[in-house]
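Participant: First the structure, then my questions, so here it is.
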Amino acid sequence: MKTNFIGTGVAVITPFCEDKSVDFIALGKLVNRLIEGGVDYLVIMGTTGESATLSQSEKDQVLEFVKKETAGRVPIMYGIGGNDTAEVIEKVKTANLTGVDGILCVAPYYNKPNQEGLYQHFAAIAIACPVQLIMYNIPGRTGINMLPDLVVRLANDFENITAIKEACGSVDQIMQVIKKKPADFTVISGDDGLTLPLLSVGAEGVISVVANAFPKETSDMVNMGLKGEFAKAAKIHYKLLDTVANMFAEGSPGGVKSYLSQMGIIENELRLPMVPASDKLSEKIGADLKNYSL
């Protein structure tokens, strides 16, 4: 089963009003701006969407709103994960997945299962999941690393496990996955700064934070990379490089929300424990924005 999550995906931020409620007006504007900017799919309720601080009711409302706003123009990936396998399965079974093409499921965090525990976790979820299951490896947040042999084993054993978002930070490790994986299994970059290098060795796209603010630039770079036009893509890559560093300098999504706020797209509001970018970083972001034709 080949995934339709190829190219540029966006880990969509959740805009908030001053009272910290979800700003659906800004979210609608953002969704349309992303699609018009050429992105290939949207990822809703990932870490960048501050999913850890939204209630289940709010998550449901955001998902239904994005489905309606998107109107089938691009595929939707929805984040459902956790470190209690039974709870994740229950959320998968009770979610309204009509109009959702796939689930993004982060590796269990904090309790640090071994590789067999990780296999059993994703296997149980895959059996229960009626749509594509995209695994998410991000050891810096979870405290556990999904090693290449595990990823390849799951890819071979379950048809609906179609892809992995890789944010382990190791190009060597990701290349081992690409080398050993089945032909119809997709590796997606989870690090904006590594997207172009990973495209050059067989990754098939990115789930991007920077694309929230710069959808056209990111999409153009990825499309060029997928066509093998690496010299052209590199020009955009290096233009975005400092922007990516700014976005993650003080934690995400504080950086990207500062960009979007200064661009007049959203209010610069986050939910604790996340806080807005510092004045110093905000000044750097303002200076960086002058490099773009907006």
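Participant: Given R₀ = 25 Å, what would the calculated FRET efficiency be for residue 73 paired with residue 24, taking r from the Cβ atoms and rounding to 0.05?
Facilitator: E between residue 73 and residue 24, to the nearest 0.05, is 0.85.
Participant: Among 40, 157, which comes first, then next, by fewest other beta-carbon atoms within 10 Å?
Facilitator: Least crowded to most crowded, the residues run 157, 40.
Participant: Among the DSSP beta bridges whose two residues both lie in the chain, what percent are antiparallel, rounded to the nearest 5?
Facilitator: Roughly 5 percent of the beta bridges in the chain run antiparallel, per DSSP.
Participant: At most 16 other Cβ atoms within 10 Å and a DSSP loop assignment: could you name the trypsin sites (Lys or Arg not before Pro) in segment 1-97 that fit?
Facilitator: 2, 20, 73
Participant: When only C-alpha pairs under 8 Å and at least 6 residues apart count, what is the relative contact order of segment 7-229, in percent?
Facilitator: With pairs under 8 Å counted, the relative contact order is 21 percent.
Participant: Taking residue 216 as the anchor, which lysines have their alpha carbon closer than 26 Å to its alpha carbon, excluding any fewer than eight residues away along the same chain?
Facilitator: Cross-link targets: 2, 29, 67, 68, 165, 227, 232, 235, 239, 257, 284, 290.
Participant: If each of residue 170 and residue 149 carries a label point 7 Å out from its Cα toward its Cβ, how far apart are those two points in nm?
Facilitator: Between residue 170 and residue 149, the simple spin-label model gives 1.3 nm.
Participant: Compare 32, 145, 212 in a GNM of the chain, Cα atoms joined below 10 Å, and give the one with the largest fluctuation.
Facilitator: Evaluated over the chain, the most mobile residue of the options is 32.
Participant: Taking the Cα-to-Cβ direction at residue 110 and at residue 278 and moving 7 Å from each Cα, how far apart do the two end points lie in nm?
Facilitator: With each label point 7 Å from Cα toward Cβ, the separation is 2.8 nm.
Participant: Also, I was wondering about something else. Could you work out how far apart the two model spin labels at residue 61 and residue 263 are, taking each label as a point 7 Å from the Cα in the direction of the beta carbon, and quote it in nm?
Facilitator: With each label placed 7 Å out from Cα toward Cβ, I get 2.5 nm.
Every number here is computed from the coordinates shown, using simple stated rules; none is lab data. Just so it is clear, the model here is predicted, and its values are computed rather than measured. Using ideal geometry, Cβ is built from the backbone for each residue, glycine included, and neighbour counts are taken over all protein chains shown.
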